[in-house]
Amino acid sequence: MSLTKNQAVNSWVDEMIQLTTPDNVVWIDGSDAQLDALRAEAVATGEMIKLNEEKLPGCYLHRTAVNDVARVEGRTFICAPTKDEAGPTNNWMDPKEAYEMLGKLYEGCMKGRTMYVIPFSMGPVGSPFSKVGIELTDSIYVVLNMAIMTRVGQNVLEALGDSTDFVHGLHAKADLDEEKRYIVQFPQDNTIWSINSGYGGNVLLGKKCFALRIASYQGKNEGWMAEHMLILGLEKPNGETKYVAAAFPSACGKTNLAMLIPPEGYKAKGYKVWCVGDDIAWMRVGENGELRAINPEAGFFGVAPGTNMKSNPNALLTCQKNTIFTNVVHNLDDNTVWWEKLDKNPPKNAMTWTGIPWDGTGNGAHPNSRFTAPACQCPCISDHFEDPNGVEISAIIFGGRRAKTAPLVYQSFDWNHGVFVGSAMASETTAAASGAVGVVRRDPMAMLPFCGYNMADYFGHWLEMGKKIKKQPKIFHTNWFRLDDEGNFMWPGYGDNMRVLEWIIARCEDKLDADVTPIGYVPKPEDINLEGIEDEVSIDTLKALLTVDPALWEEDAKGLEEFYAKFDRMPAEMTAQLNALKDRLAKAK
Ligand code: GTP
Ligand code: SPV
Ligand code: MN
C-alpha cells in the first residue's frame, strides 16, 4: 500500500513495478518495528549475521559477493543528452539507448522478490539545503543501510507533499553479474538506475549517485555546490568554533580528519574538534555572503581497516552499536568482528571476509571493508550536525595521497588560484574503487568519479561561486602521505594533523606570515607546532616536508597540462592560472 497521495511518486513506482515484476511491494515507513522485522528476516535468510548482543548491541555482519567489493568506475555512466555535457572524464551513453539496454536487464528481475520503496531525505527534513529521493530496491541490506545513512520514512513523504522534485532511484541486485553491472545517472531526469551490484557506493543511491553526481548537476543549475568533503568544527580555547571543509579522494583520510582528537598539548589548552560530516558537503551562499555547509548524510560508511583506538577512537566508538559491518573478519570465538590494524590480536578462530576459515595469512578483512554507523553515535558529533542552516565555512582544504611533490600544507594566493589548486589535485588510487591501487591519477577536487557533468563547466561553476561568496573561505592543500627515501611516512598524521589545522586557522585569521613559493604560501617551519613530537619529527624533517621542488612541480604541471587538454572548453581563467604557475616555476629554477 502506497504511503503517499503524490501522483508523480505513485505512477513512477507503478511503472517500475510493471518493469521489474516483484512478488511484493513494501513501503518503508521508517518505524523501528518495520526495520526490526527486516533485520530478523535478513538474519533468517543468511543475508546478515547477528553479532554478539552484549559486546556489539544491534550490530550485524554482511558479506558481499567476492566480485562486488567496491565502486565500479568503469561501469558508471553519466547519461546526459550529449557526450559533451558529460565531458571527457565521465563514461557516457545516450539516455534513450541506456534506458532501453538497462530496461531489458530490469525486465522481470524482481520476480520472486520483494521491492522495497524507500523515501529518504538528504539533509535534515525540511532544511532549505535538503532534497528528497525515493529508492526502489530488492535488497534488505540496502534498506537497512539507507535507514542509517539517510533520513528515511513517512515524514519525508509528508515533506515532499505533491511536489515532483525528487530523485528517482531504481536498484536491483539481479544476479550480481559483473559483466552486466551498471551504475547509471540521468541528471536531466533526476534518475538513477543501478543493477547487478550489492555494494555500498553502487547501491546506496543517496550517497555518491544522488548526493554527488545528481546533486553536483543540480548545484550548477541552482547556484550551490555538492562536494566530496568532510566538515569539521575546530573549537578554540576561547570557545569560538571555526568550520573547515576538506576534499580528499576516497580512502585518503576524510573520516579520520573529521573526527580528529587533538594531541595532549592542544587538549590541555582547550582545543576540541567536532564532526559535522565525513564524506559529503552541500554548500550554499548565506544571507551575509558567507559559504554555509550541511552534511546531507545521517551516518558514516567508513573504511574499517586501519581504524583503531589510536588512529580514530571516535570512529571506533561510533560503530560499537547499531552498526552494519560489510566484508570484515568474523571472530567466531565471541561472535564479534575484526579487521587489519584493529589491534595486535587477530582472532584465531575466525572467518575471512569471504566467509571461509581464516588461517591468519593474507587479508582477513577486505581492504575496502566498511562500517555503516549512525552519525549521532559519534562522541564528537557537532551540535550543528542537524542544523537546518548548516555551518559557516572558513577554510577549504584539498588534499591527496602523494609520496612526493606536494608539501605537507600550502595556501592558495586567492579564490581563483584555490580553484586551480583543486583542479590540479592528484592522488594515488585506493581500494575504494575497483582497479589498480597506488597509481597516481588526476582527481580534481576529489570529484573525478563523482562529477555529474562536464568538469570544465564544474571548474567554471567554482569560479562563479567565488564571485557570489562575499566572505570567501581561504583555500589550502594538504598531503599527509609524503614518504622519505626509505618509504616511511614523514608526517605522523591522524591527531597530529591538528598542528596543520592550527596553522590553517591562524592564516584565515591573518595571524601569521608565510613564505611565498611558486605554488602558494608555505608555512615558515617555526610556525608549525612540534611540541610533543620533536622525537618523531625533527625540524629538518619538517623543513623537508615543506619543500617545494620546482623540477618535480614542472613535471606535475606537464601532467596537468595534458589533463586540461582533454577539455575543449576549459575556462580561460584556469588556463591562465596554469600558465602563471609555469612562469613562477621557471623563474624559481
Ligand atoms: P571514503 O570513505 O572512501 O571517501 O574515504 P575517507 O577519505 O573518509 O578515508 P579514511 O579517513 O577512511 O582513510 C582511509 C585510509 O587513510 C586509511 O588507510 C587510514 O589509515 C589512512 N589515513 C587517514 N588519515 C591518515 C593520516 O593522517 N596519515 C596517514 N599516513 N594515513 C592516514
Ligand atoms: C568512497 O568510495 O568515496 C566512499 C565509499 O565514500 S562509497 O560509498 O562506496 O562510495
Ligand atoms: Mn567518499
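Angle of helix 572-588 to the longest C-alpha principal axis of the chain, folded into 0 to 90 degrees and rounded to 10: 40°. In terms of its C-alpha gyration tensor, region 221-348 comes out oblate, because a/c is 1.5 or above while a/b does not outweigh b/c. Classify region 299-377 as rounded, prolate or oblate from the Cα gyration tensor: take a ≥ b ≥ c as the square roots of its eigenvalues, call it rounded if a/c is under 1.5, otherwise prolate when a/b beats b/c and oblate if not. Prolate, since a/c reaches 1.5 and a/b exceeds b/c.
Please arrange Leu530, Leu316, Leu483 by counting, for each residue, the other beta carbons lying within 10 Å of its beta carbon, fewest first. Walk me through the numbers before you get to the answer.
Working: Leu530 17, Leu316 20, Leu483 13.
The order, fewest Cβ neighbours first, is Leu483, Leu530, Leu316.
When shorter helices are ignored and each DSSP H run of at least 4 residues is given -39500 (n - 2.57), the per-residue value for the chain at 222 nm works out to -8000 deg cm²/dmol.
Between the Cα long axis of helix 140-149 and the first principal axis of the chain there is an angle of about 40°, rounded to the nearest 10.
Can you give the FRET efficiency to the nearest 0.05 for Asp513 and Lys344, using r as the Cβ-Cβ distance and R₀ = 41 Å?
Numbers: r = 44 Å, r/R0 = 1.08.
Using R0 = 41 Å, I get an efficiency of 0.40.
Give the shape of region 212-293 as rounded, prolate or oblate, defined through the alpha-carbon gyration tensor: a ≥ b ≥ c are the square roots of its eigenvalues, a/c under 1.5 means rounded, and otherwise the shape is prolate if a/b is larger than b/c and oblate if not.
On the way: a/c = 4.74, a/b = 1.65, b/c = 2.88.
Here region 212-293 falls in the oblate category.
Straight Cα distances below 15 angstrom link Lys50 to the aspartates and glutamates Asp36, Glu41, Asp333, Asp334, with same-chain residues fewer than 8 positions distant left out. One chain, two ends: Asp333 and Asp540. Fully extended at 0.36 nm per residue, the span grows by 69.7 nm beyond their Cα-Cα distance. The GluC sites (Glu not before Pro) of region 38-139 that meet both conditions, a loop assignment by DSSP and at most 15 other Cβ atoms within 10 Å of the site Cβ, are Glu53, Glu54, Glu107. The residues His477, His384, when put in order of fewest to most other Cβ atoms within 10 Å, stand as His384, His477. Expressed as an acute angle from 0 to 90° and rounded to the nearest 10, what is the orientation of the C-alpha long axis of helix 95-106 relative to the principal long axis of the chain? It works out to around 50 degrees. Report the Cα centroid-to-centroid distance between region 85-125 and region 369-422 in angstrom, as an integer. Computed from Cα coordinates, the inter-centre distance equals 30 Å. Among the trypsin sites (Lys or Arg not before Pro) found in region 409-486, those both in a DSSP coil and sparsely packed, with 11 or fewer other Cβ atoms within 10 Å of their Cβ, are Lys470. Quick one: of Lys220/Lys566; Lys207/Lys467; Lys242/Lys470; Lys236/Lys471; Lys543/Lys589; Lys254/Lys467, which pairs are farther than 23 Å apart, Cα to Cα? Flagged as over cut-off: Lys207/Lys467; Lys254/Lys467.
I need the calculated FRET efficiency for the pair Lys471 and Asn91, taking r as the beta carbon distance and R₀ as 41 Å, to the nearest 0.05.
Working: r = 38 Å, r/R0 = 0.92.
The value I calculate is 0.60.
Extension gain, Asn238 to Gln188, is 13.3 nm, computed as 0.36 nm per intervening residue step minus the present C-alpha separation.
So, R0 is 56 Å and r is the distance between the beta-carbons of Asp32 and Leu483; what FRET efficiency does that work out to, to 0.05? All intermediate terms of the calculation are to be shown ahead of the outcome.
Values: r = 48 Å, r/R0 = 0.86.
The formula returns an efficiency of 0.70 here.
Put in order of Cβ neighbour count within 10 Å, fewest first, the listed residues His171, His461 become His461, His171.
Report the trypsin sites (Lys or Arg not before Pro) located in region 122-179 that are in a DSSP loop and have at most 14 other Cβ atoms inside 10 Å of their Cβ, or state none. Please report the intermediate quantities before stating the final value.
On the way: sites: Lys131, Arg151, Lys173; in loops: Lys173.
When the trypsin sites (Lys or Arg not before Pro) of region 122-179 are filtered for loop state and at most 14 Cβ neighbours within 10 Å, nothing remains.
Extension gain, Met1 to Asp175: 0.36 nm times the residue separation minus the Cα-Cα distance gives 59.9 nm. Reducing region 273-344 and region 481-555 to their Cα centroids gives an inter-centroid distance of 26 Å.
Over the chain, what is the relative contact order in whole percent, taking alpha-carbon pairs under 8 Å and six or more residues apart?
Relative contact order, the chain: 14 percent.
By per-residue mean of other Cβ atoms within 10 Å, what is the highest-first order of 366-375, 17-26? All intermediate terms of the calculation are to be shown ahead of the outcome.
Values: 366-375: 24.1, 17-26: 15.6.
Going by the mean number of other Cβ atoms within 10 Å, highest first, we get 366-375, 17-26.
Take each peptide in 269-275, 575-581, 209-215, count the other Cβ atoms within 10 Å of every residue, and average; sorted highest first, the result is 209-215, 269-275, 575-581.
Every read-out reported here was derived from the displayed coordinates using simple, explicitly stated rules and does not represent laboratory data. From a predicted model like this one, the values you see are computed outputs, not experimental measurements. Neighbour counts run over all protein chains shown; Cβ positions are idealised from the backbone, glycine included.
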